[in-house]
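This is the structure, below, for whatever I ask next.
The values are calculated or read from the model by the stated rules, or taken from the named source; none is laboratory data. Just so you know, these numbers come straight off a predicted model, no measurement behind them. Cβ sites come from the backbone with ideal geometry, for glycine too, and all protein chains shown count toward neighbours.
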Amino acid sequence: MQIDRERLAETFTMLCETDSPSRREGRVAEKLQEIFTGFGPEQAVEDDSAPVTGSECGNLLFRFAGTSGEPLFFNCHMDTVQPGVGVRVRRRGDIFTSAGDTVLGSDDKSGIAALIEAMRVIRENNIRHVPVEFIFTTCEEIGLLGAKALDPALVRARQGYALDSSGFGRVIIGAPASNRIVFTVRGVAAHAGLHPEWGINAISLAARAISRCPSGRIDPESTVNLGTIHGGAASNIVPEEVVIEGEIRSHSQQRLDELTRRLVDIFKKTVADWHDPTGQARGRPGLEADVQLDFPLMRLSCQDAVVRRVQRAAAAMGMELRFEIAGGGSDANIFNGHGLQTAIIATGMRHVHSTDEEVSLTDMVELTRLLISLLRG
């Protein structure tokens, strides 16, 4: 069994130079359909998620029957962050970087390239493999939108791996849940020079509430961030409305719920406690608090089948793995939320979401070897 390093390098370069910023994944989806259809899948599906996500295409799923063993799925996302248009790859030895002022796109095309090479090796060598599904999602980078829109009933396997983390030899088995929160504070508009007493300054009221909220790392498991604020109409108008957007993350569902309630209560109390200093305000302030689950908790143990499976696959090829807890969300959170055991395998990418992004061919080759070991069961 021989992994073709240069073929893997060419595949990776082709994928990176096929632009696919979020919602514009159509061209790379076409290439993946061509490649994976050529492997002879039992089923090839493009779902109907595009109207929901706003992408040029839906999520892709390719199912291969395999011979025996417990079915597996592998997941990568097709989209990249900006700046991701006009990507040109520079290679120096084994290291790939962007040749210009764009990201490279190894997030997540290093994982996709390794999956393609793994299937090519398996087909060329007539290697028996377990039943497998390859799931390629859209719009991961802008809120896991593709995974959220994917019908989990399409997925037959009950366990799998998302190839989507930096570094190498890392397997992520835990990640926080996150609530997205939007506060809309409403005051009363008035002319700031003629009749400021008639108004209620929504920005001042919001600032008072924000100053009372916990922020940053709250405890070893939890963080809070109120990240954007916008409102007001002009410098001579008492601002009538301000919108604050933020997030709360925690590795504890109970703590997530507690912190969410705490922030909502602070804003409610601040608005309710407002008093009119002159008695001339033409109204009272109001508040809307919208809380949405952004992604659910991901928590696996070393006893879970999906973790033991990758341990065995790595041991069979003499690879050492580190099992870690991460602070970010990914498609794996969504799959785990549907009851599909999903661990995250790092692909070797480094400095992601920046123009300094890079990945080594050696790491992608080793990742391909691990994937083949997993596929063999």
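Just checking: which of the strands (runs of 3 or more DSSP E) contained wholly in the stretch 219-304 hold 1 or more residues that are without any contact (Cβ under 8 Å) to a residue 60 or more places away in the chain and loosely packed, with under 12 Cβ neighbours inside 10 Å? Full working, then the answer.
Values: elements: 222-231, 241-250, 286-295.
Output list reads 222-231.
Right, another one. Restricting attention to the stretch 149-172, which residues are over 21 Å from G105 (Cα atoms) and surrounded by fewer than 23 Cβ atoms within 10 Å (Cβ to Cβ)?
Taking the stretch 149-172 and keeping what is over 21 Å from G105 (Cα atoms), we get 149-160.
Residues satisfying the conditions are A149, D151, P152, A153, L154, V155, R156, A157, R158, Q159.
Select from the stretch 31-59 the residues that are of a type in the set (D, E, K, R), free of Cβ contacts under 8 Å to residues at least 24 places away in the same chain and either crowded, with 16+ Cβ neighbours inside 10 Å or touching a Cys at 6+ places or on another chain (Cβ under 9 Å) (or both) and list them in ascending order.
Step one: list which residues in the stretch 31-59 are of a type in the set (D, E, K, R), which gives 31, 34, 42, 46-48, 56.
Cutting the leftovers down to free of Cβ contacts under 8 Å to residues at least 24 places away in the same chain gives us 31, 34, 42, 46, 48.
Result: K31, E46.
Would you confirm whether or not the stretch 103-114 contains a residue that is part of a strand (DSSP E or B), over 16 Å from the mean Cα position of the chain (by Cα), in the same structural domain as T347 (by TED's automatic domain parsing) and modelled with pLDDT of 95 or more? Break it down stepwise before answering.
Step one: of the stretch 103-114, the residues part of a strand (DSSP E or B) are none.
No, because not a single residue in the stretch 103-114 is part of a strand (DSSP E or B), over 16 Å from the mean Cα position of the chain (by Cα), in the same structural domain as T347 (by TED's automatic domain parsing) and modelled with pLDDT of 95 or more.
Right, here's the next one. For the stretch 132-141, indicate whether the set of residues that are surrounded by fewer than 19 Cβ atoms within 10 Å (Cβ to Cβ), under 23 Å from I3 (Cα atoms), of a type in the set (V, I, T) and in contact with a strand residue (DSSP E or B) (Cβ under 6 Å, 6 or more places away or on another chain) is non-empty.
Quick first cut of the stretch 132-141, residues surrounded by fewer than 19 Cβ atoms within 10 Å (Cβ to Cβ) only: none.
The answer is no, given that none of the residues of the stretch 132-141 is surrounded by fewer than 19 Cβ atoms within 10 Å (Cβ to Cβ), under 23 Å from I3 (Cα atoms), of a type in the set (V, I, T) and in contact with a strand residue (DSSP E or B) (Cβ under 6 Å, 6 or more places away or on another chain).
Can you tell me which residue in the stretch 305-358 is surrounded by the fewest Cβ atoms within 10 Å (Cβ to Cβ), limited to those that are in a strand (DSSP E or B) and of a type in the set (S, T, N, Q)?
So the residue we want is Q341.
Kindly provide the set of residues from the stretch 142-164 that are in contact with a Pro (Cβ under 8 Å, 6 or more places away or on another chain) and either closer than 17 Å to L60 by Cβ or among the small types (G, A, S) (or both), ordered by number.
If the condition is that a residue be in contact with a Pro (Cβ under 8 Å, 6 or more places away or on another chain) and either closer than 17 Å to L60 by Cβ or among the small types (G, A, S) (or both), then R156, A157 are the ones that fit.
Here is a follow-up. Name the single residue, out of those in the stretch 59-77 being touching a Gly at 6+ places or on another chain (Cβ under 8 Å) and part of a loop (DSSP other than H, G, I, E, B), that is nearest to G160 (Cα to Cα).
Across the stretch 59-77, the extreme among qualifying residues is E70.
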